1. Determine which single condition Arg72 fails, assuming it passes every other condition in (1) at pLDDT 85 or above; (2) under 18 Å from the mean Cα position of the chain (by Cα); (3) not hydroxyl-bearing (Ser, Thr, Tyr).
2. For region 46-62, check the following and say yes or no: at least one residue is modelled with pLDDT under 85, part of a helix (DSSP H, G or I) and either surrounded by 14 or more Cβ atoms within 10 Å (Cβ to Cβ) or of a type outside the set (Phe, Trp, Tyr) (or both).
3. Considering only region 204-228, state which residues are loosely packed, with under 14 Cβ neighbours inside 10 Å and closer than 18 Å to Ala143 by Cα.
4. Name every residue in region 130-151 that is closer than 30 Å to Pro174 by Cα, out of contact with any Leu (no Cβ under 7 Å at 6 or more places or on another chain) and among the hydrophobic types (A, V, I, L, M, F, W, C), in order of residue number.
5. crowded, with 22+ Cβ neighbours inside 10 Å and more than 16 Å from Gly238 (Cβ to Cβ) - does that describe any residue in region 75-85?
6. Taking Leu227, is it hydrophobic (A, V, I, L, M, F, W, C), under 18 Å from Arg163 (Cα atoms) and not in a helix (DSSP H, G or I)?
7. Pick from Ser233, Ser173: which is over 18 Å from the mean Cα position of the chain (by Cα) and closer than 26 Å to Ala85 by Cα?
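The values are calculated or read from the model by the stated rules, or taken from the named source; none is laboratory data. Just so you know, these numbers come straight off a predicted model, no measurement behind them. Please note: Cβ atoms are built from the backbone with ideal geometry, for glycine as well, and neighbour counts cover all protein chains shown.
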Amino acid sequence: MTQVDAALWACVVPLFLTAVWLSRPRPRAWSIPAMFALCRSILNGNTGDGNAVLNVHPVVRVGVACTDEALRAWVASGEAQADEALQRRGATLLWWGPRAAALPSAAGWPQVDLGSEPNAETEATLEALLALPADRFVVVVTAGIERFLPFFSEVPGLRDRVRAVVLIGVDLSPVADWLAESFTHATFDLEMDRALPWLTLRTGPGQVLRTPADDATGRNSVEVVDLGEVDPSAPGVGPALLLVLAALA
(Lines give C-alpha, C1' and ligand atoms only; values in the text may rest on other atoms or scores of the structure.)
Protein backbone atom coordinates (compact mmCIF):
# COMPACT_ATOMS: atom_id res chain seq x y z
CA MET A 1 0.00 0.00 0.00
CA THR A 2 1.43 3.35 -1.03
CA GLN A 3 1.46 6.42 1.17
CA VAL A 4 -1.31 7.89 -0.99
CA ASP A 5 -3.49 4.80 -0.46
CA ALA A 6 -2.85 4.92 3.26
CA ALA A 7 -3.80 8.59 3.37
CA LEU A 8 -7.01 7.93 1.46
CA TRP A 9 -7.97 5.08 3.78
CA ALA A 10 -7.19 7.30 6.76
CA CYS A 11 -9.75 9.80 5.43
CA VAL A 12 -12.39 7.36 4.20
CA VAL A 13 -12.63 5.09 7.25
CA PRO A 14 -13.43 7.89 9.76
CA LEU A 15 -16.03 9.32 7.36
CA PHE A 16 -17.65 5.89 6.96
CA LEU A 17 -17.76 5.30 10.71
CA THR A 18 -19.21 8.78 11.26
CA ALA A 19 -21.94 8.12 8.68
CA VAL A 20 -22.83 4.81 10.34
CA TRP A 21 -23.00 6.50 13.75
CA LEU A 22 -25.21 9.33 12.48
CA SER A 23 -27.59 6.94 10.66
CA ARG A 24 -28.16 4.60 13.60
CA PRO A 25 -31.70 4.63 15.04
CA ARG A 26 -32.12 6.83 18.09
CA PRO A 27 -34.89 6.76 20.67
CA ARG A 28 -37.32 9.67 20.42
CA ALA A 29 -36.40 12.41 22.87
CA TRP A 30 -40.04 13.26 23.59
CA SER A 31 -43.24 11.44 24.49
CA ILE A 32 -46.09 11.32 21.97
CA PRO A 33 -48.83 10.85 24.64
CA ALA A 34 -47.31 13.65 26.75
CA MET A 35 -47.34 16.08 23.83
CA PHE A 36 -50.90 15.08 22.91
CA ALA A 37 -52.05 15.69 26.49
CA LEU A 38 -50.14 18.98 26.70
CA CYS A 39 -51.58 20.29 23.43
CA ARG A 40 -55.11 19.39 24.54
CA SER A 41 -54.50 21.22 27.81
CA ILE A 42 -53.23 24.35 26.05
CA LEU A 43 -56.04 24.30 23.50
CA ASN A 44 -58.57 24.07 26.35
CA GLY A 45 -57.14 27.21 27.94
CA ASN A 46 -54.93 25.71 30.63
CA THR A 47 -51.44 27.00 31.32
CA GLY A 48 -48.65 24.54 32.01
CA ASP A 49 -45.22 24.91 33.52
CA GLY A 50 -43.02 25.67 30.50
CA ASN A 51 -39.87 24.51 32.26
CA ALA A 52 -41.38 21.17 33.22
CA VAL A 53 -42.75 20.36 29.77
CA LEU A 54 -40.11 21.95 27.56
CA ASN A 55 -39.16 18.62 26.02
CA VAL A 56 -42.67 18.06 24.65
CA HIS A 57 -43.87 21.64 24.16
CA PRO A 58 -45.32 22.29 20.67
CA VAL A 59 -43.16 25.42 20.33
CA VAL A 60 -40.11 23.19 20.57
CA ARG A 61 -41.43 20.26 18.56
CA VAL A 62 -43.30 22.06 15.75
CA GLY A 63 -41.95 25.60 15.48
CA VAL A 64 -41.76 29.03 17.05
CA ALA A 65 -45.01 30.14 15.40
CA CYS A 66 -46.98 27.73 17.58
CA THR A 67 -47.21 29.71 20.78
CA ASP A 68 -49.78 28.87 23.44
CA GLU A 69 -51.78 31.97 22.46
CA ALA A 70 -51.71 31.09 18.75
CA LEU A 71 -52.92 27.55 19.45
CA ARG A 72 -55.82 28.74 21.60
CA ALA A 73 -56.84 31.35 19.03
CA TRP A 74 -56.59 28.72 16.29
CA VAL A 75 -59.01 26.30 17.92
CA ALA A 76 -61.32 29.01 19.32
CA SER A 77 -61.84 31.03 16.15
CA GLY A 78 -61.27 28.47 13.44
CA GLU A 79 -58.63 30.72 11.93
CA ALA A 80 -55.36 29.02 11.13
CA GLN A 81 -52.89 31.04 13.18
CA ALA A 82 -50.80 27.90 13.60
CA ASP A 83 -50.79 27.04 9.90
CA GLU A 84 -47.43 28.67 9.25
CA ALA A 85 -45.66 26.26 11.56
CA LEU A 86 -47.79 23.31 10.48
CA GLN A 87 -47.09 23.99 6.81
CA ARG A 88 -43.36 23.70 7.40
CA ARG A 89 -43.99 20.23 8.86
CA GLY A 90 -46.59 19.20 6.31
CA ALA A 91 -47.66 15.75 5.14
CA THR A 92 -50.45 14.33 3.03
CA LEU A 93 -53.30 12.76 5.00
CA LEU A 94 -54.50 9.50 3.43
CA TRP A 95 -57.97 8.60 4.68
CA TRP A 96 -58.92 4.92 4.84
CA GLY A 97 -62.62 5.19 5.64
CA PRO A 98 -64.74 8.31 6.22
CA ARG A 99 -62.93 11.46 7.24
CA ALA A 100 -63.03 12.33 10.94
CA ALA A 101 -64.74 15.70 11.12
CA ALA A 102 -62.81 16.67 14.25
CA LEU A 103 -59.40 16.57 12.54
CA PRO A 104 -58.93 20.05 11.05
CA SER A 105 -57.30 20.82 7.75
CA ALA A 106 -54.09 22.81 7.64
CA ALA A 107 -52.19 24.66 4.95
CA GLY A 108 -49.74 22.35 3.24
CA TRP A 109 -51.61 19.21 4.36
CA PRO A 110 -53.46 17.78 1.33
CA GLN A 111 -56.10 15.17 2.12
CA VAL A 112 -56.79 12.17 -0.11
CA ASP A 113 -59.62 9.65 0.25
CA LEU A 114 -58.54 6.06 -0.39
CA GLY A 115 -61.93 4.52 0.34
CA SER A 116 -62.13 1.59 2.71
CA GLU A 117 -61.07 -1.33 0.53
CA PRO A 118 -58.31 -1.74 -2.04
CA ASN A 119 -59.29 -1.55 -5.70
CA ALA A 120 -57.91 -0.35 -9.03
CA GLU A 121 -58.73 3.27 -8.18
CA THR A 122 -56.88 3.01 -4.85
CA GLU A 123 -53.82 1.58 -6.57
CA ALA A 124 -53.86 4.30 -9.25
CA THR A 125 -54.15 7.03 -6.60
CA LEU A 126 -51.24 5.65 -4.59
CA GLU A 127 -49.12 5.18 -7.71
CA ALA A 128 -49.58 8.87 -8.55
CA LEU A 129 -48.80 9.95 -4.98
CA LEU A 130 -45.70 7.78 -4.66
CA ALA A 131 -44.37 9.23 -7.91
CA LEU A 132 -43.70 12.47 -5.99
CA PRO A 133 -40.56 11.52 -4.04
CA ALA A 134 -40.65 14.47 -1.61
CA ASP A 135 -44.14 13.76 -0.24
CA ARG A 136 -44.61 12.27 3.22
CA PHE A 137 -47.83 10.63 4.34
CA VAL A 138 -49.97 10.01 7.40
CA VAL A 139 -52.56 7.24 7.08
CA VAL A 140 -55.76 7.74 9.10
CA VAL A 141 -57.98 4.68 9.45
CA THR A 142 -61.60 5.07 10.56
CA ALA A 143 -63.19 1.97 8.98
CA GLY A 144 -62.33 -1.16 7.02
CA ILE A 145 -59.46 -2.25 9.28
CA GLU A 146 -59.88 -5.88 8.12
CA ARG A 147 -58.99 -4.77 4.58
CA PHE A 148 -56.44 -2.11 5.51
CA LEU A 149 -54.04 -4.32 7.48
CA PRO A 150 -53.40 -6.95 4.76
CA PHE A 151 -53.22 -4.23 2.11
CA PHE A 152 -50.73 -2.10 4.07
CA SER A 153 -48.59 -5.15 4.78
CA GLU A 154 -48.23 -5.73 1.03
CA VAL A 155 -47.16 -2.20 0.02
CA PRO A 156 -43.65 -1.60 1.42
CA GLY A 157 -43.13 1.39 -0.86
CA LEU A 158 -45.96 3.19 0.91
CA ARG A 159 -44.87 2.19 4.41
CA ASP A 160 -41.41 3.62 3.80
CA ARG A 161 -42.97 7.05 3.13
CA VAL A 162 -45.53 7.01 5.97
CA ARG A 163 -44.67 8.94 9.13
CA ALA A 164 -47.59 7.67 11.23
CA VAL A 165 -50.66 5.44 11.10
CA VAL A 166 -53.64 6.71 13.11
CA LEU A 167 -56.59 4.54 14.15
CA ILE A 168 -59.61 6.60 15.25
CA GLY A 169 -62.40 4.66 16.95
CA VAL A 170 -61.52 1.42 15.13
CA ASP A 171 -62.95 -1.81 16.54
CA LEU A 172 -60.13 -4.37 16.33
CA SER A 173 -62.10 -7.39 17.55
CA PRO A 174 -62.98 -8.59 14.00
CA VAL A 175 -59.26 -8.82 13.19
CA ALA A 176 -58.07 -10.21 16.52
CA ASP A 177 -56.84 -13.46 14.96
CA TRP A 178 -55.03 -11.64 12.14
CA LEU A 179 -53.36 -9.31 14.62
CA ALA A 180 -52.27 -12.17 16.86
CA GLU A 181 -50.64 -13.98 13.95
CA SER A 182 -49.49 -11.26 11.56
CA PHE A 183 -49.12 -7.92 13.38
CA THR A 184 -45.36 -8.22 13.65
CA HIS A 185 -42.30 -6.12 12.93
CA ALA A 186 -41.41 -8.44 10.04
CA THR A 187 -44.85 -8.07 8.44
CA PHE A 188 -44.58 -4.28 8.48
CA ASP A 189 -40.85 -3.98 7.95
CA LEU A 190 -39.33 -0.74 6.65
CA GLU A 191 -36.38 0.01 4.42
CA MET A 192 -34.74 2.12 7.13
CA ASP A 193 -34.09 0.88 10.65
CA ARG A 194 -36.83 2.91 12.32
CA ALA A 195 -40.15 2.35 14.04
CA LEU A 196 -43.37 3.57 12.46
CA PRO A 197 -45.76 5.00 15.10
CA TRP A 198 -49.25 3.48 15.15
CA LEU A 199 -51.41 5.93 17.16
CA THR A 200 -54.77 4.84 18.54
CA LEU A 201 -57.56 7.09 19.72
CA ARG A 202 -60.10 4.81 21.35
CA THR A 203 -63.82 5.56 21.57
CA GLY A 204 -64.93 2.30 23.18
CA PRO A 205 -64.00 -1.30 23.99
CA GLY A 206 -62.19 -3.61 21.61
CA GLN A 207 -59.86 -0.92 20.29
CA VAL A 208 -56.61 -1.63 22.15
CA LEU A 209 -53.79 -2.40 19.73
CA ARG A 210 -51.17 -4.70 21.20
CA THR A 211 -47.45 -4.06 20.83
CA PRO A 212 -45.78 -6.87 18.85
CA ALA A 213 -42.97 -8.83 20.45
CA ASP A 214 -39.47 -7.57 19.72
CA ASP A 215 -38.05 -8.88 16.47
CA ALA A 216 -35.19 -11.37 16.78
CA THR A 217 -33.09 -9.24 14.43
CA GLY A 218 -33.42 -6.18 16.66
CA ARG A 219 -35.16 -4.22 13.86
CA ASN A 220 -38.45 -3.17 15.43
CA SER A 221 -40.56 -1.43 12.79
CA VAL A 222 -43.81 -0.98 14.75
CA GLU A 223 -44.31 1.46 17.62
CA VAL A 224 -47.77 1.28 19.21
CA VAL A 225 -48.84 4.50 20.94
CA ASP A 226 -52.15 4.51 22.85
CA LEU A 227 -53.51 8.08 23.14
CA GLY A 228 -56.32 6.90 25.39
CA GLU A 229 -60.10 6.80 25.21
CA VAL A 230 -61.35 10.17 23.96
CA ASP A 231 -64.28 11.82 22.26
CA PRO A 232 -62.83 12.74 18.84
CA SER A 233 -65.30 15.63 18.57
CA ALA A 234 -64.28 17.15 21.92
CA PRO A 235 -62.61 20.58 21.75
CA GLY A 236 -58.89 20.37 21.23
CA VAL A 237 -58.66 16.66 20.36
CA GLY A 238 -58.39 17.05 16.59
CA PRO A 239 -56.02 20.02 16.65
CA ALA A 240 -53.83 18.35 19.30
CA LEU A 241 -53.59 15.24 17.12
CA LEU A 242 -52.62 17.37 14.12
CA LEU A 243 -49.85 19.03 16.13
CA VAL A 244 -48.51 15.63 17.20
CA LEU A 245 -48.54 14.48 13.58
CA ALA A 246 -46.69 17.66 12.57
CA ALA A 247 -43.99 16.91 15.12
CA LEU A 248 -43.68 13.36 13.75
CA ALA A 249 -43.62 14.50 10.12
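1. If we test Arg72 against (1) at pLDDT 85 or above; (2) under 18 Å from the mean Cα position of the chain (by Cα); (3) not hydroxyl-bearing (Ser, Thr, Tyr), just (2) comes out false.
2. Yes.
3. Within region 204-228, Gly204, Pro205, Gly206, Val208 qualify.
4. Within region 130-151, Ala143, Phe148, Leu149, Phe151 qualify.
5. Checked against the condition, which is being crowded, with 22+ Cβ neighbours inside 10 Å and more than 16 Å from Gly238 (Cβ to Cβ), region 75-85 yields at least one hit.
6. On the way: hydrophobic (A, V, I, L, M, F, W, C): yes; under 18 Å from Arg163 (Cα atoms): yes; not in a helix (DSSP H, G or I): yes.
So Leu227 passes the test.
7. Values: Ser173 fails: closer than 26 Å to Ala85 by Cα.
Exactly one residue qualifies, and that residue is Ser233.
Table: residues versus (1) out of contact with any Phe, Trp or Tyr (no Cβ under 9 Å at 6 or more places or on another chain); (2) closer than 22 Å to Leu248 by Cβ.
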| position | (1), (2) |
| --- | --- |
| Arg99 | yes, yes |
| Ala102 | yes, yes |
| Ser105 | yes, yes |
| Gly108 | yes, yes |
| Val112 | no, yes |
| Gly115 | no, no |
| Asn119 | yes, no |
